[in-house]
1. Please go through the range A:1-46 and pick out each residue that is in a helix (DSSP H, G or I) and among the small types (Gly, Ala, Ser).
2. Answer yes or no: is there a residue in the range B:46-53 that is at the interface with chain A (Cβ under 9 Å from one of its Cβ atoms), under 20 Å from residue A:34 (Cα atoms) and modelled with pLDDT of 95 or more.
3. Test residue B:135 against the stated conditions and say whether it is out of contact with any strand residue (DSSP E or B) (no Cβ under 9 Å at 6 or more places or on another chain) and away from chain A (no Cβ under 13 Å).
4. Would a scan of the range A:59-74 turn up a residue that is free of Cβ contacts under 8 Å to residues at least 12 places away in the same chain and more than 18 Å from the chain's Cα centre (by Cα)?
5. What do you reckon, is residue B:81 at negative phi, assigned to a strand (DSSP E or B) and within 12 Å of another protein chain (Cβ to nearest Cβ)?
6. Is it the case that some residue within the range B:32-45 is more than 12 Å from every other protein chain (Cβ to nearest Cβ) and farther than 20 Å from residue A:30 by Cβ?
7. Give me the residue from the range A:145-162 that is surrounded by fewer than 20 Cβ atoms within 10 Å (Cβ to Cβ) and closer than 16 Å to residue A:99 by Cβ and, out of that set, farthest from the chain's Cα centre (by Cα).
2 protein chains.
Amino acid sequence: MQALKDKIMQEGKVLPGSVLKVDAFLNHQIDPVLMKEIGETFAKKFANQGINKIVTIESSGIAPAVMTGLNMGVPVIFARKSKSLTLKDHLYSTSVYSYTKQTTSEISVSKDFLGKDDVVLLLDDFLANGQALYGLIDIVNQAGAKLAGAGIVIEKGFQDGGKKLRQQGIRIESLATIASLQDGKITFSESGAN
Amino acid sequence: MQALKDKIMQEGKVLPGSVLKVDAFLNHQIDPVLMKEIGETFAKKFANQGINKIVTIESSGIAPAVMTGLNMGVPVIFARKSKSLTLKDHLYSTSVYSYTKQTTSEISVSKDFLGKDDVVLLLDDFLANGQALYGLIDIVNQAGAKLAGAGIVIEKGFQDGGKKLRQQGIRIESLATIASLQDGKITFSESGAN
């Protein structure tokens, strides 16, 4: 998605440790017009799949997910993060390890909103090692729902999360795939529909 | 806003302790079409005020804030919550006490995105005792920015946060004001433009 790549080149910052900081338009400050275009793009990519629910994780997945939900005409559920769940009743929950923060969070979704008749599109801002997506897939499986695929705003193609998940047959559509952040320079992968 | 009130009546649940649970369309599962209408409504209410930034708090404020930002053509910043801030450099930060959770969180906004030339609309899902809004107002003041007002999706009119803030001259527009949740029955206030 060219508008997204342009924005990453203009406003993204490369920090030590292969961190791409996109606080200016996605993770802290949000550009609503770009989010709208992202939503339209995901809605086209995942049209005609019978998707009736979008599931993301708080907080940075919410804006692109809501815009996608608006375009697809389906509700959005955001999985909640908590350090320890006191109330596990009536929840699907699983653990997600964050390599960046080196902490494990519990994420959870209420059983009220996800079940075996649902066809789910997962949505997230970043895909690197895939831990967050594995967590969301676990929740979809616990619900007995069908997984249609995952929409990712920015994939770090030099980390292996996307590769492993695709090898398991999971459809992943990333709007911008970073091939490298070496020497502070952002290089996009030209493969696929990016 | 009638569509919001209808949704609250249809899908809101009253829990002990004057808790109104709106997990079905605002706080966990999100109705994107309703969020779009909410965004349009706030954009009309706060038109022609010179607003160039919307500030909210993760996570439940993000969806209505992004839809409002889209309609007003301005970026949205979500203040981040964290238990303790290790990196306070280059951040506006303040403490917010949650009566519901009985915990104090630090919330913070990067100095990169807010400064003395900004005119800010605050946006949040709920207003009860006003602690979250006081925190956001503190951040706006630290930045030296101008506060245009606050847009609230649901105000608990039987708690005094809104009253106190209005007495300080702060403009608050709530789309639905709850007069009472007594005996599990939701009653709206008929005052104002609700």
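The values are calculated or read from the model by the stated rules, or taken from the named source; none is laboratory data. Because the structure is a prediction, the values reported are computed rather than measured. Cβ atoms come from the backbone with ideal geometry, glycine included; neighbour counts cover every protein chain shown.
1. In the first step, residues of the range A:1-46 are kept if they are in a helix (DSSP H, G or I); the result is A:2-11, A:32-45.
A:3, A:39, A:43, listed by residue number.
2. Step one: filter the range B:46-53 for residues at the interface with chain A (Cβ under 9 Å from one of its Cβ atoms), giving B:53.
Filter once more, so that each one left must be under 20 Å from residue A:34 (Cα atoms): B:53.
Going one step further and asking which of them are modelled with pLDDT of 95 or more, we end up with B:53.
Yes: one or more hits.
3. Numbers: out of contact with any strand residue (DSSP E or B) (no Cβ under 9 Å at 6 or more places or on another chain): no; away from chain A (no Cβ under 13 Å): yes.
Considered against the rule, which asks whether it is out of contact with any strand residue (DSSP E or B) (no Cβ under 9 Å at 6 or more places or on another chain) and away from chain A (no Cβ under 13 Å), residue B:135 comes out as no.
4. yes
5. On the way: at negative phi: yes; assigned to a strand (DSSP E or B): yes; within 12 Å of another protein chain (Cβ to nearest Cβ): yes.
So residue B:81 fits the description; yes.
6. Within the range B:32-45, one or more residues are more than 12 Å from every other protein chain (Cβ to nearest Cβ) and farther than 20 Å from residue A:30 by Cβ.
7. Once the filter is applied, the top-ranked residue is A:158.
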